[in-house]
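Report on the following structure.
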Amino acid sequence: MKVMVVGGGGREHAIIKKLKESKKITEIYALPGNGGISADAICVAIGAKDIEGIVKFALENKIDYAVVAPDDPLVLGCVDALNEVGIPCFGPNKAAAIIEGSKVFSKNLMKKYGIPTASYEVFTSPEKAIEFLETAPIPTVIKADGLALGKGVVIAFTKEEAIDAVKSIMEDKKFGDSGNNIVIEEFLTGPEVSVLAFTDGKVVKPMVSSMDHKRALDFDKGLNTGGMGTIAPNPYYTDGIASECMEKIFLPTINAMNSEGRTFKGCLYFGLMLTPNGPKVIEYNCRFGDPETQVVLPLLESDLFEIMQATTNETLSECEVKFASKSACCVIIASKGYPEKYENGFEIVIPNEIADSVYVAGAKLSGDALLSAGGRVLGVTAIADTLKGAIEEAYSRVKMIKFDNAFYRSDIGQRALKATEDR
Ligand code: AMP
Ligand code: GLY
């Protein structure tokens with residue numbers, strides 16, 4: 001079968017590498033992919049938001065199945081457009097993707113259906129929001145309603161910071177129209193867990209849990225980024241917590257979406273915080289996480305393509321979703337200066353013996369040379385029997401890569417390791 005993957009980052013590279021293991025697939029296209037992905041798929045220069053171009057390409061090339069990975073095309077209705085011309089897809093339709101596309105929608109959904117989350121208020125004008133902040137407890141959390149590359153969240157530790165955040169989001173439009181409305185919510189504490197789950201709208205099959213490292217610098221200092229590294233499984237996510245999440249969060253969310261006439265099919269990402277009052281939802285994403293996917297999929301032992309098809313055909317209950325009882329660690333190599341200003345065009349040399357475990361997020365080919373082209377450039381993953389072993393091996397692989405503008409955290413997985421050792 002001919003499969004097309006929409007997107008072009010490390011997550012898409014991890015999806016493509018896993019799909020390549022499926023015997024049913026004969027060809028994989030990536031739209032647009034990137035210079036590194038071209039080692040594993042045929043890259044086509046069509047942007048992930050160019051829905052018309054994507055549909056045209058799929059028809060002309062007789063694509064049998066499409067995987068729509070990033071949030072933007074999902075929220076824009078890429079799956080609906082492909083389904084309309086008869087191409088089955090992995091990913092939610094536009095009506096269901098709103099669970100990530102609008103924080104106001106997702107917060108109201110959780111309130112209506114009793115799904116545990118931080119308490120919150122919605123504001124449509126800066127004046128009302130600022131008035132509310134005069135007496136709101138501090139710290140507080142300000143979130144732009146719409147998509148903002150994972151950067152639309154401000155944790156304010158003073159009233160002034162909170163007011164500045166409201167002004168920059170709602171008046172200065174730092175995130176464009178995504179900030180027309182905002183959510184101001186209660187500040188929660190506790191370890192964070194990411195759980196990606198396959199669902200066909202009937203059953204939910206969670207993948208192995210993981211932990212992201214969102215801050216740019218060691219010890220969770222510095223600016224928020226798209227994610228500087230991940231480990232799986234997340235040691236804070238015990239079997240007891242997993243059952244509690246299934247009962248109080250995962251199934252209620254799927255049922256809530258069905259009740260709203262917005263059946264969700266694909267990968268639903270639960271960003272959870274394990275608070276002293278139990279697990280609560282911090283955010284939903286309508287897709288695989290990045291860089292969570294780069295540790296979760298390498299541990300998947302079942303056939304990813306069969307699972308994807310089962311979510312589309314609503315036969316997920318019959319499909320095996322099995323993970324290795326091992327640990328994985330992914331270290332992101334970014335460009336110096338990320339998430340602010342950085343330079344592109346540095347050569348990257350990846351030794352052949354580790355190429356299978358390197359996911360390319362931002363690079364382009366110039367002749368045979370791979371050149372950096374983005375803030376996050378590579379994800380380097382290792383699997384081992386223990387978390388300690390996975391971390392050590394991931395860092396030893398990082399050191400084997402030649403890339404002069406490299407910048408990475410040196411403590412990916414250390415918090416999780418401490419949690420396993422403290423037990
Ligand atoms: P989000 O983009 O919604 O995942 O938020 C980015 C990060 O902000 C999360 O990973 C959390 O670390 C933090 N965060 C979001 N909401 C809250 C909250 N209500 N309380 C504390 N931290 C939060
Ligand atoms: N790693 C967080 C995200 O994919 O949104």
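The values are calculated or read from the model by the stated rules, or taken from the named source; none is laboratory data. These numbers were taken from a predicted model, which means no experiment stands behind them. Cβ sites come from the backbone with ideal geometry, for glycine too, and all protein chains shown count toward neighbours.
Data for the structure
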| quantity | calculated |
| --- | --- |
| Residue, farthest from I51 (Cα to Cα), within the stretch 71-119, restricted to residues that are among the hydroxyl-bearing types (S, T, Y) and within 16 Å of ligand 2 (Cβ to nearest atom) | S106 |
| Residue within the stretch 214-236 that is part of a helix (DSSP H, G or I), of a type in the set (F, W, Y), more than 17 Å from the chain's Cα centre (by Cα) and over 24 Å from T386 (Cα atoms) present | no |
| Condition met for D72 (surrounded by fewer than 18 Cβ atoms within 10 Å (Cβ to Cβ) and either of a type outside the set (D, E) or over 18 Å from E186 (Cβ atoms) (or both)) | no |
| Neighbours by Cβ (under 6 Å, 6+ apart or cross-chain): first from the stretch 293-306, farther than 17 Å from L268 by Cα and modelled with pLDDT of 95 or more; second in a helix (DSSP H, G or I) and of a type in the set (V, I, T) | none |
| Members of the stretch 63-107 that are among the hydroxyl-bearing types (S, T, Y) and over 22 Å from S259 (Cα atoms) | Y65 |
| Residue count for the stretch 24-44, restricted to those that are in contact with a helix residue (DSSP H, G or I) (Cβ under 9 Å, 6 or more places away or on another chain) and of a type in the set (D, E, K, R) | 2 |
| Residue match in the stretch 279-286 (condition: under 25 Å from A390 (Cβ atoms) and in contact with a Pro (Cβ under 6 Å, 6 or more places away or on another chain)) | no |
| Residue that is surrounded by the most Cβ atoms within 10 Å (Cβ to Cβ) [pool: residues in the stretch 149-159 that are assigned to a loop (DSSP other than H, G, I, E, B) and within 16 Å of ligand 2 (Cβ to nearest atom)] | G152 |
| Pair list, Cβ < 8 Å and 6+ apart or interchain, from the stretch 42-63 residues that are over 13 Å from G86 (Cα atoms) to residues that are modelled with pLDDT of 95 or more and of a type in the set (F, W, Y) | I42/Y29; C43/Y29; V44/Y29; V44/F57; I46/F57; F57/Y29; N61/Y29 |
| Selection from the stretch 293-331 of residues that are farther than 17 Å from L19 by Cα and either crowded, with 19+ Cβ neighbours inside 10 Å or among the charged types (D, E, K, R) (or both) | E314, L316, E318, K326, S327, A328, C329, C330, V331 |
| Which listed residue, of T189, T225, T230, is under 30 Å from I130 (Cα atoms), within 16 Å of ligand 1 (Cβ to nearest atom) and in contact with a Pro (Cβ under 7 Å, 6 or more places away or on another chain) | T225 |
| Single residue of the stretch 217-243 satisfying the filter (of a type in the set (F, W, Y) and more than 16 Å from ligand 2 (Cβ to nearest atom)) that is surrounded by the most Cβ atoms within 10 Å (Cβ to Cβ) | Y236 |
| Residue, surrounded by the fewest Cβ atoms within 10 Å (Cβ to Cβ), within the stretch 160-206, restricted to residues that are in a loop (DSSP other than H, G, I, E, B) and either within 16 Å of ligand 2 (Cβ to nearest atom) or among the aliphatic types (A, V, I, L, M) (or both) | P191 |
| Within the stretch 278-378, strands (runs of 3 or more DSSP E) holding 2 or more residues that are within 16 Å of ligand 1 (Cβ to nearest atom) and closer than 19 Å to M400 by Cβ | none |
| Output for the stretch 370-408, where each listed residue is of a type in the set (K, R) and under 19 Å from the mean Cα position of the chain (by Cα) | R376 |
| Boolean, D212 is of a type in the set (D, E) and touching a Ser or Thr at 6+ places or on another chain (Cβ under 8 Å) | yes |
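Residue-wise test of (1) under 22 Å from A197 (Cα atoms); (2) in contact (Cβ under 8 Å) with a residue 24 or more places away in the chain; (3) of a type in the set (K, R).
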site	(1), (2), (3)
P73	yes, yes, no
F105	yes, no, no
T117	yes, yes, no
T124	no, yes, no
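One line per residue, one yes/no per condition, for (1) surrounded by 24 or more Cβ atoms within 10 Å (Cβ to Cβ); (2) among the acidic types (D, E); (3) in a loop (DSSP other than H, G, I, E, B); (4) within 18 Å of the chain's Cα centre (by Cα):
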site	(1), (2), (3), (4)
K24	no, no, yes, no
V55	no, no, no, no
L82	yes, no, no, no
G86	no, no, yes, no
P92	yes, no, yes, yes
I98	no, no, no, yes
N108	no, no, no, no
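Rundown of residues vs (1) hydroxyl-bearing (S, T, Y); (2) surrounded by fewer than 16 Cβ atoms within 10 Å (Cβ to Cβ); (3) modelled with pLDDT under 95; (4) farther than 20 Å from T275 by Cα, yes/no style:
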site: I115; (1), (2), (3), (4): no, no, no, no
site: A118; (1), (2), (3), (4): no, no, no, no
site: V122; (1), (2), (3), (4): no, no, yes, yes
site: E131; (1), (2), (3), (4): no, yes, yes, yes
site: A144; (1), (2), (3), (4): no, no, yes, yes
